[in-house]
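Peer 1: Sharing a structure below in structure tokens format, with a few things to ask.
We did not get these values from a lab; they are worked out from the coordinates using the rules stated. Keep in mind that this is a model prediction, so the values were computed, not measured. Cβ placement follows ideal geometry from the backbone for every residue including glycine, while neighbour counts extend to all protein chains displayed.
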Amino acid sequence: MPLSAPPFDELLSRCTRSAVHLEMRDQYGVAAEASDFRAWLETGQLDTDPHSEGWAPWVDLISRAVARGVSVRRARIVSEPVSDYIRYEHASTVVNLAAGEDVRWLPRRHASEIALPGNDFWLFDSQIIRWGYFSGDGALVGHEVSDDPAAANLCTEAFATVWDRAIPHTQYAIH
């Protein structure tokens, strides 16, 4: 049975200072992206128009948060050479940047001595964690929210260390 949590937009709307996202998988099998990913693999074409039907809701949500003064940052720990999925993500990250996110990439070999949580997460105002759970093939299984101070501290420290070591998107060359 999939786990549930408050919707992301609800958590972000309560956020006042920062929303950080740490992604640690080399492959995601998110159903909503499947056809776009396949098309990109076959054609190299990708929707990067922030105003398109697929992107506009996300861009609007993040843009509103940034306009309220919320710092939205995303860090991705990736294996090199990168997977096709990471190439796809890298190609579409221009939309995240257009929305107001700051995105960085950390080659996995530089993360070996960082204490990392076992799952991807969003951390809101260094207090509320929205864990993302995925199956072995990358399909989203569900989300769970926690306000456990020890877990929030682990996520805060892990993200800060990853962020400090990571390469800004505009400088990260895919290998």
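Peer 1: When both residues are 6+ apart or on different chains and their Cβ atoms are under 9 Å apart, which pairs have a first residue that lies in the range 68-88 and is free of Cβ contacts under 8 Å to residues at least 12 places away in the same chain, and a second that is polar (S, T, N, Q)?
Peer 2: If the second residue must be polar (S, T, N, Q), no pairs are left.
Peer 1: Across the range 28-47, which residue is nearest to R165 (Cα to Cα) among those that are within 15 Å of the chain's Cα centre (by Cα) and crowded, with 16+ Cβ neighbours inside 10 Å?
Peer 2: Among those that are within 15 Å of the chain's Cα centre (by Cα) and crowded, with 16+ Cβ neighbours inside 10 Å, it is Y28.
Peer 1: Scan the range 87-131 for residues that are closer than 25 Å to E42 by Cα, more than 13 Å from the chain's Cα centre (by Cα) and either buried (at least 20 other Cβ atoms within 10 Å of the Cβ) or not basic (K, R) (or both) and jot them down.
Peer 2: Y88, A91, V94
Peer 1: Let me ask you something else. Going by the conditions given, is A19 in contact with a Lys or Arg (Cβ under 6 Å, 6 or more places away or on another chain) and within 21 Å of V162 (Cβ to Cβ)?
Peer 2: Numbers: in contact with a Lys or Arg (Cβ under 6 Å, 6 or more places away or on another chain): no; within 21 Å of V162 (Cβ to Cβ): yes.
Here the answer is no, as A19 does not meet what is asked.
Peer 1: For V95, indicate whether it is in contact with a Pro (Cβ under 8 Å, 6 or more places away or on another chain) and over 30 Å from D147 (Cβ atoms). Spell out the reasoning first.
Peer 2: Details: in contact with a Pro (Cβ under 8 Å, 6 or more places away or on another chain): yes; over 30 Å from D147 (Cβ atoms): yes.
The answer is yes for V95.
Peer 1: Can you tell me how many residues within the range 144-160 are under 15 Å from A19 (Cβ atoms), surrounded by 15 or more Cβ atoms within 10 Å (Cβ to Cβ) and either more than 18 Å from the chain's Cα centre (by Cα) or not aromatic (F, W, Y) (or both)?
Peer 2: Total satisfying the criteria: 4.
Peer 1: Within the range 48-74, which residues are of a type in the set (D, E) and within 18 Å of the chain's Cα centre (by Cα)?
Peer 2: Residues of the range 48-74 that are of a type in the set (D, E), as a first pass: 49, 53, 60.
Once the filter is applied, which keeps residues that are of a type in the set (D, E) and within 18 Å of the chain's Cα centre (by Cα), the range 48-74 yields only D60.
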